[in-house]
Amino acid sequence: MPAVGIPTSGNNKEYVGNLTPYVLATCIVAAMGGLIFGYDIGISGGVTSMDSFLKKFFPAVYRKKEEDKTTNQYCQYDSQTLTMFTSSLYLAALIASIIAATVTRKFGRKLSMLFGGLLFMAGAIINGAAKAVWMLILGRMLLGFGIGFSNQSVPLYLSEMAPYRFRGALNIGFQLSITIGILVANVLNYFFAKIHGGWGWRLSLGGAMVPALIITIGSLVLPDTPNSMIERGQHDEAKAKLQRIRGVDDVSEEFSDLVAASEASKQIEDPWRNLLKRKYRPHLSMAILIPFFQQLTGINVIMFYAPVLFNTIGFGSDASLMSAVITGSVNVLATMVSIYGVDKWGRRFLFLEGGAQMLICQAVVTACIGAKFGVDGTPGELPKWYAIVVVIFICTYVAGFAWSWGPLGWLVPSEIFPLEIRSAAQSVNVSVNMIFTFLVAQIFLTMLCHLKFGLFLFFAFFVFVMSIFIYYFLPETKGIPIEEMGRVWRTHWYWKRFVSEEEDHPNGGYEMGKAGQTVKTV
C-alpha cells in the first residue's frame with residue numbers, strides 16, 4: 001500500500017516563467033509578516049522570566065519562585081493568570097482569522113496584511129505602557145488580532161506569487177521571518193533584562209512596534225497577486241501583473257487556468273459550506289490535522305517558555321535567557337536548510353526526517369531531566385556538563401522542527417487548496433493552529449507541574465503519530481502548479497475515493513505525469 005501513487009507515464013506540463021528579481025523582492029517583503037508572530041513568541045517567554053515584570057504583575061508567582069526555595073522546580077511557574085497573559089493572544093487570533101478569511105477573499109491579501117500590521121502596532125503600544133494586568137491582556141488581544149490577519153494572508157500571498165518550481169523555498173520565507181523574530185526577541189530580552197530599574201520589559205513589549213511597522217508599510221507597497229485580482233474581476237490588470245512577475249510575455253496558459261479556477265470559485269455561494277463537501281475531504285483533513293500536529297510537537301513549549309524552562313531545570317536567569325538565544329539561532333539556521341532543500345528533497349522527506357529527529361531528542365531530554373530531577377523536582381546543584389547536554393539535545397530537537405514541521409506546517413496547507421475554498425480553508429488552518437497554540441500555552445505550566453518530566457513523553461507520542469500520518473496520508477506536492485494541485489489527491493491510495501473523475505476535472509482536467517508534474521487530459 002503506497003503512501004502516494006503517482007503514475008510515471010505521460011508528458012509533463014510546465015508553466016513558463018522565471019524567478020524574477022521583482023517577485024523575489026516582493027516575496028521577501030511579504031514574508032516579513034512572519035516577524036510579528038515570531039517576535040511575540042520569543043518576547044513573551046523572556047518577559048515572564050524577568051523578576052521586575054513578575055513582581056509588578058504576578059507577585060504570587062514571584063514569591064513562589066524566589067521566596068519559597070523548597071518549591072518543586074516543576075511547579076514554580078504554575079499560574080493560570082500568568083499563562084493567560086501568553087495565551088490570550090491566540091484566542092484573539094482565532095477570532096481574527098475567521099474575519100480575515102472574508103477580507104482576504106473579497107478585498108485581497110494586501111488589505112488583510114495592512115489590518116494585521118495596524119492591530120499589532122496598537123497592541124504593542126498598550127503592552128509597552130501597561131500599568132495593570134488588564135492592559136497586558138488587552139494589548140495581547142490586539143496583538144492576536146494582528147497575527148490572525150497576517151497569518152491568514154501572508155502564506156497565501158507567497159504561494160500565489162511564487163513560480164511553482166520555487167514555491168516551497170519562497171513560502172518558507174514566512175517561517176524564516178518567524179524564526180528571525182524569535183531570535184531578535186530572545187537577544188533583546190537578554191540585554192533588556194540587565195537594565196537597572198527593572199523597566200526593560202517595557203522595551204521588550206513595546207519593541208513589537210518595529211515588526212508591526214515593517215508589515216504595515218510593506219502591505220502598502222506590495223502588488224496584489226494575479227489570483228486575487230482575477231477573483232475580483234480585474235482580468236487585464238491581472239494578466240499584466242502575471243507577465244511582470246513571471247518575466248515573460250506569453251503567460252496565456254497559466255492565465256487561462258487562473259481564470260478558469262476563478263470562474264469555478266464564483267459558482268460557490270458559500271465557501272464555508274462548500275468546504276464540507278466530500279470532494280474536499282482531503283483538503284479539510286489537512287487543514288485540520290497539520291496545524292493540530294504542528295502544535296503538539298511541543299515546539300511552542302520550547303519557544304514560548306524557553307527561558308522559563310531552562311530556569312526551571314536549573315539554569316540561572318541570565319543563563320536561561322542566553323540558552324533561549326542559542327535555541328533561537330539554531331531555529332534560524334535550520335530553517336535555511338529547509339529553504340534550500342524543500343524543492344529538491346520534497347515535503348514528505350523533510351516531514352519524516354524531522355519527525356524522527358524530534359522523537360529521538362524528546363526521549364533523551366526526558367531521560368536527562370527525569371534522572372536528575374526525579375518526581376519531586378529537586379535537582380540540587382546541576383553540573384555544567386549536564387546542562388550542556390540538555391541544551392544540545394533541545395537544540396537538535398529545535399533544528400528538526402525548523403526544517404520540517406515548522407515551515408511545512410504553513411507551506412503545505414497554503415498550496416493545496418483550490419481557489420474556490422482557499423480563503424475559507426486557510427482560515428480553518430489558522431484557526432486550528434491558534435486553538436491548539438492557546439491550549440498548549442495555557443495548560444503547559446500546569447502539565448509540567450503534574451506530569452513532570454513525563455511531559456516530554458506526552459509530546460513525543462504525538463510526534464510518533466503525526467509521522468505515521470504523513471507517511472500514509474500526505475501526497476508529495478513538490479513541483480505541482482498551485483492551480484493544478486487537486487490532481488495529487490486523485491492518484492493517492494486513500495484520498496482518491498473522495499475525489500471522483502468528474503469532480504476532479506471540471507474544466508477539461510489534468511492527470512499526474514512524471515516527476516509529480518501535471519498533464520492535460522482530453
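The table that follows gives values for the structure above.
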{"quantity": "Whole-Hz ³J(HN,Hα) from phi, Karplus 6.51 cos²θ - 1.76 cosθ + 1.60, for the stretch 136-147, glycine and proline x", "calculated": "4, 5, 4, x, 4, 5, 5, 4, x, 4, x, 5"}
{"quantity": "Extended-chain gain in nm, criterion 0.36 nm per residue less alpha-carbon gap, Arg165 and Trp199", "calculated": "7.4 nm"}
{"quantity": "Pair Phe191, Thr81: separation of 7 Å Cα→Cβ label points (nm)", "calculated": "3.3"}
{"quantity": "Inter-site label distance for Ala132 and Thr20 at 7 Å from Cα along Cβ, in nm", "calculated": "5.5"}
{"quantity": "In Å², nearest 10: area of Phe473 left accessible to a 1.4 Å probe", "calculated": "60"}
{"quantity": "Cα gyration tensor category, rounded, prolate or oblate, for the stretch 131-188 with a/c compared to 1.5", "calculated": "oblate"}
{"quantity": "Calculated FRET efficiency for the pair Ile392/Arg273, C-beta based, R₀ 56 Å, to 0.05", "calculated": "0.65"}
{"quantity": "Where Leu451, Leu142 fall by accessible area, highest first, once all protein chains stay in place (1.4 Å)", "calculated": "Leu451, Leu142"}
{"quantity": "Modelled FRET efficiency - R0 45 Å, Arg63 with Leu213, Cβ distances, 0.05 increments", "calculated": "0.75"}
{"quantity": "Of Gly341, Val389, Thr437, farthest towards positive along the dipole that unit charges on Lys, Arg, Asp, Glu beta carbons give the stretch 328-450", "calculated": "Gly341"}
{"quantity": "Gain upon complete extension [Ile98, Ser256; 0.36 nm per residue less C-alpha separation]", "calculated": "53.9 nm"}
{"quantity": "Placed amide H near Ala193: partners under 5 Å, 5+ positions off or other chain", "calculated": "none"}
{"quantity": "Extension reserve of the Ile28-Ile443 stretch, reckoned as 0.36 nm per residue once the Cα distance is removed", "calculated": "145.9 nm"}
{"quantity": "For the stretch 186-297, with +1 on Lys and Arg beta carbons and -1 on Asp and Glu, the positive-most of Trp201, Gln294, Leu275 along the dipole", "calculated": "Trp201"}
{"quantity": "Average silhouette area of the stretch 150-246, convex hull of alpha-carbon atoms, in square nanometres", "calculated": "7.4"}
{"quantity": "Lys, Arg +1 and Asp, Glu -1 on Cβ, resulting dipole of the stretch 144-265 about Cα centre, debye, nearest 20", "calculated": "840"}
{"quantity": "Euclidean distance between Cα centres, the stretch 391-431 to the stretch 148-211, Å", "calculated": "15"}
{"quantity": "Inter-probe distance in nm under a simple model that places probes 7 Å from Cα toward Cβ, at Ala363 and Phe464", "calculated": "0.9"}
{"quantity": "Distance violations [Cα-Cα > 28 Å] among Lys106/Lys131; Lys279/Lys478; Lys110/Lys344; Lys64/Lys194", "calculated": "Lys106/Lys131; Lys110/Lys344"}
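The values are calculated or read from the model by the stated rules, or taken from the named source; none is laboratory data. Bear in mind that the values here come from a model prediction, so they are computed numbers and not experimental data. Ideal geometry is used to build each Cβ from the backbone, glycine not excepted, and the neighbour counts take in all protein chains shown. Remember, those area values only see protein heavy atoms, side chains included, never the ligands or the DNA or RNA. Shrake-Rupley method; radii C 1.70, N 1.55, O 1.52, S 1.80 Å.
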